[in-house]
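Peer 1: Before we start, here is the structure in question, set down as structure tokens.
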Amino acid sequence: MSGHLRQFDSLLQPLGLRVDDWLTLPLPLLILAIVGGISILISLCRFIRVLLNVYVVPGKPVASFKVKNAPNGTWAVVTGATDGIGREFALQLAKKGFNIFLASRTPDKLDKVAGEIESASPGIKTKVQAIDFSAADVKAYDDLKRALSGLDIGVLINNVGKSHDSAVYFHETSEEEMESIVEINVNATLRVTRIVLPGMIGRKRGLILNMGSFAGAFPTPLLATYSGSKAFLIGWTQAVAEEVRSKGVTVQLLNTYFVVSAMSKIRRPSAMVPTPKAYVAKALASVGKQGGAVGRLHNNTPWPAHALLDWAISYIVPQSVMFSQSRKMQLAIKKRAEAKKARAAKTQ
Ligand SMILES: NC(=O)c1ccc[n+]([C@@H]2O[C@H](COP(=O)([O-])OP(=O)(O)OC[C@H]3O[C@@H](n4cnc5c(N)ncnc54)[C@H](OP(=O)(O)O)[C@@H]3O)[C@@H](O)[C@H]2O)c1
């Protein structure tokens, strides 16, 4: 045995292994063992990378996207800002000293959230713009552009989103639902970003966070249009992020599993389903990091349990198992919703 092999042998001995035993293995078995060992090592390294990314590496401070001398302060623009995750982004960015521009559908709710922000964060200014992002109304976007012009916008949260009312086969999805999902999740994100991004490039400073979903990263049967719209955001975010990263603008997609909200229809938080408050705190503390989305550049899975799930689905669970489990889960949701509808119809 050569000197190197002897050294290797002494390393393996505490594990109850000996180089001699391995060298007597038939060649195909030896190759299989080496390939298996290497892939276990790679998986372990990836897992350690996720843990470091989630628990150790610090995020870029959100305050670095703000300047002290902007005459009217630095602004954060949040779409879909009156409920759930968007409302929390608005409240928490105000706490970090950003003035808040809220763009959402319902005027009363906009005024209410703006009032909440101003009383919770004295000195912070707010502006509201009522806009229905499902309407594809060119004039409404012109109005939005006018309202945003002249503001020093440091942060844009492309949060507004719509999912299916319930799990549904693509061929049974109503045209209205299909169109509004694409209009809100895809077109509104593109249009609002086109309004805001040139100013950020000009100032060489900006952060854009796009609300993604596990349904985009891992295609979800019976939520096909939602799933496809969020998958679009992954590719688009990565492309734009690469275009502007040398211009001082950070663009990231937030890869998200469930969060307590009206959209998720989940009311009770758990380790896997955070409240919007807890989720947004993590998202704002992990800007520029990847979390579990280790294989997807410019993506971040900010919530720790989501990050671990992301790693497991990406590297451990075979795609065929993931697809069939998610199909079964959505079919069960579909059946429950249909049974509920039938019961409601009977009682009328
Ligand atoms: N919650 C989750 O489990 C989860 C998981 C993955 C990804 N996401 C993503 O996170 C984002 C926010 O979700 P959420 O759960 O916080 O939703 P949510 O609680 O239902 O809030 C949605 C917000 O968007 C506004 N909105 C809805 N339709 C609009 C339209 N047509 N025009 C303008 N504003 C509109 C709503 O305004 P009104 O008050 O007027 O209705 C509300 O402020 C979405 O992009 C979603 O896809 C959520």
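The values are calculated or read from the model by the stated rules, or taken from the named source; none is laboratory data. All figures in this text were calculated on a predicted structure; none of them were measured in a lab. For neighbour counting, all protein chains shown are included, and Cβ atoms are generated from backbone atoms with ideal geometry for every residue, glycine included. With ligands, DNA and RNA removed, areas are computed over all heavy atoms of the protein, side chains included. Shrake-Rupley method; radii C 1.70, N 1.55, O 1.52, S 1.80 Å.
Peer 1: Name the long-range amide H neighbours of Thr301: under 5 Å, sequence gap of 5 or more, or other chain; modelled H, no Pro or chain starts.
Peer 2: Under 5 Å from the amide H of Thr301 lie the amide H atoms of Asn255, Gly291, Gly292, Ala293, each far enough along the sequence or on another chain.
Peer 1: With a 1.4 Å probe and every protein chain kept in, tell me what percent of the accessible surface of the chain is carbon plus sulfur. List each step's numbers first, then the result.
Peer 2: Numbers: 11130 of 18310 Å².
Whole-percent figure for carbon plus sulfur exposure: 61.
Peer 1: Ignoring everything but the protein chains, give the 1.4 Å probe accessible area of Lys112 in square angstrom, nearest 10.
Peer 2: Only protein atoms counted, so the area is about 130 Å².
Peer 1: Now for a different question. Test of understanding: what is the full-extension gain from Leu52 to Ala262, defined as 0.36 nm times their sequence separation minus their Cα-Cα distance? Walk me through the numbers before you get to the answer.
Peer 2: On the way: separation 210, 0.36 × 210 = 75.60 nm, distance 3.24 nm.
Between Leu52 and Ala262, full extension yields 72.4 nm more.
Peer 1: So, one more: How high is the relative contact order of the chain, in percent, counting Cα pairs under 8 Å that sit 6 or more residues apart? If you can, show how the numbers build up before the last one.
Peer 2: Details: 547 pairs, mean separation 57.1, N = 348.
16 percent.
Peer 1: Next question. When all alpha-carbon pairs of the stretch 1-153 are counted, what percent fall beyond 19 Å?
Peer 2: Values: 8052 of 11628 pairs.
In whole percent, the share of Cα-Cα pairs in the stretch 1-153 beyond 19 Å is 69.
Peer 1: Follow-up question, since we're still on this one. Using the alpha carbons of the stretch 1-72, what is the convex hull volume per residue in cubic angstrom, as a whole number?
Peer 2: For the stretch 1-72, the hull spanned by Cα atoms encloses 167 Å³ per residue.
Peer 1: Further question on the same structure: Skipping prolines and chain starts, which residues have an amide H placed within reach, meaning under 5 Å, of the one on Thr250, given they are 5 or more residues away or on another chain?
Peer 2: Gly206, Leu207, Ile208
Peer 1: Then there is this: Using 0.36 nm per residue, how much length does the chain from Ala239 to Ser43 gain when fully extended, once their Cα-Cα distance is taken away? Walk me through the intermediate numbers first.
Peer 2: On the way: separation 196, 0.36 × 196 = 70.56 nm, distance 2.72 nm.
Extending this stretch completely gives an extra 67.8 nm.
Peer 1: Multiply the residue separation of Leu11 and Val138 by 0.36 nm, subtract the distance between their alpha-carbon atoms, and state the gained length in nm to one decimal.
Peer 2: Details: separation 127, 0.36 × 127 = 45.72 nm, distance 6.88 nm.
Answer, rounded to one decimal: 38.8 nm.
Peer 1: Under 18 Å from the 7 Å Cα→Cβ point of Asn187, by amide nitrogen: which residues of the stretch 131-171?
Peer 2: 131-145, 159-164
Peer 1: How are the C-alpha pair distances of the stretch 62-318 spread across 5 Å bins, as whole percents from the shortest bin up?
Peer 2: Percent of Cα pairs in each bin: 1, 6, 14, 18, 21, 18, 12, 6, 2, 1, 0.
Peer 1: Which of these, Ile34, Ile184, Ile266, has the largest mean-square fluctuation under a Gaussian network model of the chain (Cα springs below 10 Å)?
Peer 2: Between Ile34, Ile184, Ile266, it is Ile34 that shows the largest mean-square fluctuation.
Peer 1: Let me ask another. Kindly provide log₁₀ I(q)/I(0) values, in the same order as q = 0.13 Å⁻¹, from the Debye equation applied to equal alpha-carbon scatterers of the stretch 62-143.
Peer 2: -0.39
Peer 1: Still on this model: Got a sec to turn the phi values of the stretch 17-34 into Karplus ³J(HN,Hα) couplings, 6.51 cos²θ - 1.76 cosθ + 1.60 with θ = phi - 60°, whole Hz, x for Gly and Pro?
Peer 2: These are the phi-based 3J(HN,Hα) values: 10, 9, 4, 4, 4, 5, 5, 8, 5, x, 3, x, 5, 5, 4, 4, 5, 5 Hz.
Peer 1: Right, another one. Report the FRET efficiency, 1/(1 + (r/R0)^6), for Ala344 and Ser246, where r is their Cβ-Cβ distance and R0 is 35 Å, rounded to 0.05. If you can, show how the numbers build up before the last one.
Peer 2: Working: r = 56 Å, r/R0 = 1.59.
Rounded to the nearest 0.05, the efficiency is 0.05.
Peer 1: So, one more: I need the fraction of alpha carbon pairs in the stretch 180-236 separated by more than 16 Å, rounded to a whole percent.
Peer 2: Details: 741 of 1596 pairs.
Summing the P(r) of the stretch 180-236 above 16 Å gives 46 percent of all pairs.
Peer 1: Please state the shape class of the stretch 249-348: rounded when a/c is under 1.5, otherwise prolate if a/b exceeds b/c and oblate if not, all from the C-alpha gyration tensor.
Peer 2: Values: a/c = 2.94, a/b = 1.64, b/c = 1.79.
Oblate, because a/c is 1.5 or more while a/b does not exceed b/c.
Peer 1: How large is ³J(HN,Hα) for each residue in the stretch 341-346, as worked out from phi by the Karplus curve 6.51 cos²θ - 1.76 cosθ + 1.60 (θ = phi - 60°), to whole Hz, x for Gly and Pro?
Peer 2: Once rounded to whole Hz, the list reads 4, 5, 4, 5, 5, 5.
Peer 1: Let me ask another. Evaluate the distance, in nm, between pseudo-label points positioned 7 Å from the Cα of Leu32 and of Arg336 along their respective Cα→Cβ axes.
Peer 2: Modelled inter-label distance: 4.3 nm.
Peer 1: Spin-label point model (7 Å from Cα, Cβ direction): what's the Phe323 to Glu118 distance in nm?
Peer 2: Rounded to a tenth, the inter-label distance reads 5.4 nm.
Peer 1: Still on this structure, I have one more. From the phi angles alone, apply the Karplus equation (6.51, -1.76, 1.60; θ = phi - 60°) to the stretch 187-199 and give each ³J(HN,Hα) in whole Hz, x where the residue is Gly or Pro.
Peer 2: Residue by residue, the stretch 187-199 yields 5, 4, 5, 5, 5, 5, 5, 5, 6, 8, 4, x, x Hz.
Peer 1: Past 27 Å, Cα to Cα, is the threshold; run Lys60/Lys247; Lys112/Lys265; Lys230/Lys328; Lys96/Lys247; Lys60/Lys125; Lys139/Lys204 against it and keep the listed order. Can you show the working numbers first?
Peer 2: Details: Lys60/Lys247 16 Å; Lys112/Lys265 22 Å; Lys230/Lys328 21 Å; Lys96/Lys247 24 Å; Lys60/Lys125 24 Å; Lys139/Lys204 29 Å.
Beyond 27 Å: Lys139/Lys204.
Peer 1: Right, another one. Taking amide H positions as placed 1.01 Å from N in the peptide plane, with prolines and chain starts having none, which residues 5 or more places from Ser261, or on another chain, fall under 5 Å of its amide H?
Peer 2: Residues meeting the amide H criterion: Ile266.
Peer 1: Further question on the same structure: What aspartates and glutamates does Lys68 reach when the alpha-carbon gap must be under 15 Å and sequence neighbours fewer than 8 apart in one chain are set aside?
Peer 2: Candidates past the 8-residue exclusion: Asp152.
Peer 1: Follow-up question, since we're still on this one. What's the FRET efficiency of Ala285 with Asn72 using the Cβ-Cβ distance as r and R₀ = 22 Å, to the nearest 0.05?
Peer 2: 0.25
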